[in-house]
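Derivation of every value follows stated rules applied to the coordinates shown; laboratory data play no part. Not measured: the values here are computed from a predicted model. Positions of Cβ are backbone-derived with ideal geometry, glycine not excepted, and every protein chain shown enters the neighbour counts.
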């Protein structure tokens, strides 16, 4: 049988084997969803979908779950986790929006305006940013950014203005969003650069021949042609931003609080918590049945968000198909 | 075809041997421990000393994860001993035996620029429950402005003990206080924020960088803890499912009785008795 | 540029600032961690195992975390490479029926977008099942420990899969059609063409993908914290030579940095920063490797390679 393996395979057997192996990945994803959903089921059973809404004291609810006995009564499963969803969306959306703008500008710089020597330095440097581990980003956050903002940027009166609700000590929305943006921008730069450089130069040259300057030619011709890639970049960066756990845990302030935009500037200094950072914070308590279901419910929500982003990106790219330049 | 059969047979033999062999060939028993990060330094030192003084008898595998993970692992039979840094709770799984091996003190800490030397029980309670919000309401503090409360997540054993021992059973104000996931993060926050106040095990508080605050006139030192003057003294437990047997039993009784173990414990922690 | 409108000049300035700003940030991160850690970095640290000790001076080095990182990268890539290659080849060369191909591609996208903490929790759920007890250890109480190098490595392969797949697929897609046609004209079957002509042709893309996958593996923290068991040293389990190492627990550079820095218990920050410098050096090295491979491929084939940035 061994030389049956060694002889060249007929194409149909090869196709079937390769297809089966590829399907394994799909099976893996399905298994992941099923496992996580099964463990998250009690939260849905006791709360329906209203656990996504605000209401009540989230910290009290989580503490009840931590301290619950082995067979918790139904009341323990009560959960209203909106502050976490709000925190995740807030940090994620702001970071992606900021990052997209910066990434677009940086990509235009790299593809069009950077001299060749500078381009040779910039590309590896930005790729390095993408591969720095999140624990190092978190360390730089708590060692440098948080003390700086807490001690030199936030004024005492700002701290006093919210002191009965939360405390402002540097951790919070601003540091989380800044570091998150730095983390996801390189991913977007890479994808957008690749797309911009694969648009035929002749298109830009045509525009310039008509009298448009280089920047306008980029913005009017090349960038729209790269729209599918920009959408893909935003989707990938968004997924990464939603799921970032370790870094956010260190710099977000770790309080079950929803920052209020109506607070003005103070809004940027208020602490928050995201779904992923809560999973890491409480991953100790994964033995308490109610807390375990809650953490798995958060994980299911994150998984669902990644799926939605994927599908959403695909749908947004559909009408842009006619601009696809890659074979 | 023969070649495939021979290779498959060889793999099966190696596989079976690999899984069966440990059961047959282990003259040394393996003690697996998981649990609290606070007691990890102590238990690692004790285990290392035990292996040195009892060579070829036992192997240790000590992992961390948190006191609650220790309880869950030992209840589910995943480890032999669980490290726990808090007293048993009524919500713990049934059938667990708690063996105290050492004690530690919980110190209230402030930033180095705020050399607060003492807090009464009433003052501490009012600060941590959020009644006093500015340092101007705390005599003896040089800091000004809002008090930044730094606490731990609800799964932390040190938090449970702090609330029971130093806050008289009351809870830390939430969502006011920041819930740090580890002693390291709590210490980092207190080190960087001049207006902060928090609580750490004495091992962390004594390693420098923060100011230790006395409680009811008694400083948070090992001497005061040994003489039972300091109120905030909690226990480290080794937890087993059912009464401890075999190699684990020898280890725990060595920790309780041998001079070498007590010497290690007294160096930075407090002996049980 | 003198004829440009102010708005255009502003945008151009913005582009320069964005590009150079990102580079400055990268340099700042490396320099800061270097400044924090290099003072404590001794060559001896790389060759000493972690010791238990009450002082930072006696707590040994990070040989075991280094070995753990290498072992984990090896396991992750060994599992991910065949999967990624099969998937990429099947989708590009066969891909029938097309809805199935789209299903597989979407699955890989979902895996790429899944947060590593979710993958870690999933790994814990799977490997604590009795069925998979041989892959970690079954304790005396009967429970499955569920944390081992195999468990972490299997989940790490999910992390490394998307970059590998994308790199290989892009490489295969940009191989000119005439190479396939020439092979068919000589009478080779499709699978033989893939084995002998196409895959060797995209070797550098695969190398790039492997390097990117490895850099993602060594940078991941969440999976290690949950799935590797958190022992300071490599602790093999059982007595079969290699299998016992895989079933055992250990640590990696990321978990070592995490545990000893203020993120964890913070008891050995000096060692943590020194380890962070080593970690950054690895990441830097891997990135330079990707660059090198990309440049060698561009000069060898003469094709303009716009890819291989991520």
Over the Cα atoms, compute the radius of gyration (one decimal) and Dmax (the largest Cα-Cα distance, rounded to a whole number) for the stretch A:222-327, in Å. 18.1, 54
Working from Cα positions, state the angle (0 to 90°, nearest 10) between the long axis of helix B:2-25 and the longest principal axis of chain B. 50
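Find the Cα radius of gyration of the stretch A:95-160, compare it with 2.2 N^0.38 Å by division, and give the number to two decimals. Intermediate results must be reported in sequence, preceding the final value.
On the way: Rg = 16.9 Å, N = 66, 2.2 N^0.38 = 10.8 Å.
So the Cα radius of gyration is 1.56 times the expected 2.2 N^0.38 Å.
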Can you tell me the order of A:209-220, B:158-169 when each peptide is scored by its average per-residue count of other Cβ atoms within 10 angstrom, highest first? B:158-169, A:209-220
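Average partner chain C-beta neighbours within 10 Å, per residue of A:246-255?
On the way: counts 10, 2, 0, 8, 11, 0, 1, 5, 12, 8.
So the per-residue partner count for this stretch is 6.
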Suppose R0 equals 22 Å; then what is the FRET efficiency for residue A:209 and residue A:320 from their Cβ-Cβ distance, rounded to the nearest 0.05? 0.30
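Using only alpha carbon positions, build the gyration tensor of the stretch B:69-212, then give the equivalent ellipsoid semi-axes as the square roots of 5 times its eigenvalues, largest first, whole angstrom. Mind dumping the intermediate values first?
Details: eigenvalues 187, 47, 33 Å².
Equivalent ellipsoid semi-axes, largest first: 31, 15, 13 Å.
Provide the FRET efficiency to the nearest 0.05 for the residue C:195-residue A:37 pair, computing r from the beta carbons and using R0 = 41 Å. Don't jump to the answer; show the numbers that get you there.
Working: r = 40 Å, r/R0 = 0.97.
So the FRET efficiency works out to roughly 0.55.
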Diffusion coefficient, µm² s⁻¹, Stokes-Einstein with Kirkwood Rh over alpha-carbon pairs of the protein assembly as shown at 37 °C and 0.692 mPa s: 113
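When the gyration tensor of the stretch A:15-151 is built from Cα positions, what are the square roots of 5 times its three eigenvalues, in whole Å, from largest to smallest? Spell out each step's value before the answer.
Working: eigenvalues 334, 155, 44 Å².
In descending order the semi-axes read 41, 28, 15 Å.
In cubic angstrom, how much convex hull volume per residue do the alpha carbon atoms of the stretch B:165-214 span?
Values: hull volume 4.9 nm³, N = 50.
Cα convex hull per residue, to the nearest whole number: 97 Å³.
Can you give the translational diffusion coefficient of the stretch B:142-273 in µm²/s, computed by Stokes-Einstein from the Kirkwood radius over Cα pairs at 37 °C and 0.692 mPa s?
Details: Rh = 16.8 Å.
Value of D from the Cα-based Kirkwood radius: 196 µm²/s.
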Over chain C, equivalent-ellipsoid semi-axes from the Cα gyration tensor in Å: 37, 31, 18
Test item: B:66-75 mean partner chain Cβ contacts at 10 Å: 5
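Could you work out the helix-only [θ] at 222 nm for chain A, with each DSSP H run of four or more residues adding -39,500 (n - 2.57) and the total divided by the number of residues, to the nearest 500 deg cm²/dmol?
-20500 deg cm²/dmol
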Could you tell me the extents of the stretch A:71-113's C-alpha atoms along the three principal axes, largest first, rounded to whole Å? 64, 16, 6
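Please work out the Kirkwood hydrodynamic radius for the stretch C:52-161, using every pair of different C-alpha atoms, and report it in angstroms with one decimal place. Walk me through the intermediate numbers first.
Numbers: mean 1/r = 0.0609 Å⁻¹.
16.4 Å is the Kirkwood radius here.
Run through every distinct alpha carbon pair of the stretch B:37-138 and return the Kirkwood hydrodynamic radius in angstroms, one decimal place. If you can, show how the numbers build up before the last one.
On the way: mean 1/r = 0.0581 Å⁻¹.
This gives a value of 17.2 Å.
Just order C:118-127, B:29-38 by mean Cβ neighbour count inside 10 Å, highest at the front, would you?
Working: C:118-127: 23.9, B:29-38: 25.6.
The most tightly packed comes first, giving B:29-38, C:118-127.
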Kindly state, to the nearest 0.05, the FRET efficiency for residue A:265 paired with residue B:170, given R0 = 22 Å and r defined as their beta-carbon distance. 0.05
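Extension gain residue C:9-residue C:182, at 0.36 nm per residue separation less the Cα-Cα distance, in nm? Could the numbers behind the result be given before it?
Working: separation 173, 0.36 × 173 = 62.28 nm, distance 5.13 nm.
Working it through step by step, the gained length comes to 57.1 nm.
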Please report, in whole Å, how far the alpha carbons of the stretch B:196-273 spread along each principal axis, starting with the longest. 46, 25, 22
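Considering all projection directions equally, how large on average is the shadow of the alpha-carbon convex hull of chain B, in square nanometres?
Numbers: hull surface 74.5 nm².
If you wrap the Cα atoms of chain B in a convex hull and average its projections, you get 18.6 nm².
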May I ask for the Rg/Rh ratio of the stretch A:222-262, computed from Cα atoms with Rh as the Kirkwood radius, given to two decimals? 1.21
Roughly how many nanometres apart are two label points built 7 Å out from the Cα toward the Cβ at residue A:27 and residue A:148? 5.1
Quotient of C-alpha Rg and 2.2 N^0.38 Å, computed over the stretch A:184-255: 1.54
Hey, how many Å between the Cα centroid of the stretch C:32-110 and the Cα centroid of the stretch A:212-235? 34
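DSSP beta bridges in the protein assembly as shown, what fraction antiparallel, as a percent rounded to 5?
On the way: 26 of 44 bridges.
Approximately 60 percent, going by the DSSP bridge assignments.
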Rg followed by Dmax, in Å, when the stretch C:81-140 is reduced to its Cα trace: 16.1, 51
Could you check the spin-label model distance between residue B:129 and residue C:106? Points 7 Å from the Cα along Cα→Cβ, value in nm. 5.5
Alpha carbon centre of the stretch A:134-156 versus the stretch B:157-180: separation in Å? 25
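If the viscosity is 1.306 mPa s and the temperature 10 °C, what Stokes-Einstein diffusion coefficient in µm²/s follows for the stretch C:173-273 when Rh is the Kirkwood radius over Cα pairs? Let's see the in-between values first.
Details: Rh = 17.5 Å.
Approximately 91 µm²/s, per Stokes-Einstein.
State whether chain A is rounded, prolate or oblate according to the following rule on the C-alpha gyration tensor (a ≥ b ≥ c being the square roots of its eigenvalues): a/c under 1.5 gives rounded; otherwise a/b larger than b/c gives prolate, and the remaining case gives oblate.
Working: a/c = 2.28, a/b = 1.22, b/c = 1.86.
Judged from the Cα gyration tensor, chain A comes out oblate (a/c at least 1.5, b/c at or above a/b).
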Could you tell me the center-to-center distance, by alpha carbons, between the stretch C:152-168 and the stretch B:100-126 in angstrom? 48
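Please give the direction-averaged projected area of the C-alpha convex hull for the stretch A:134-230, in square nanometres with one decimal.
9.6
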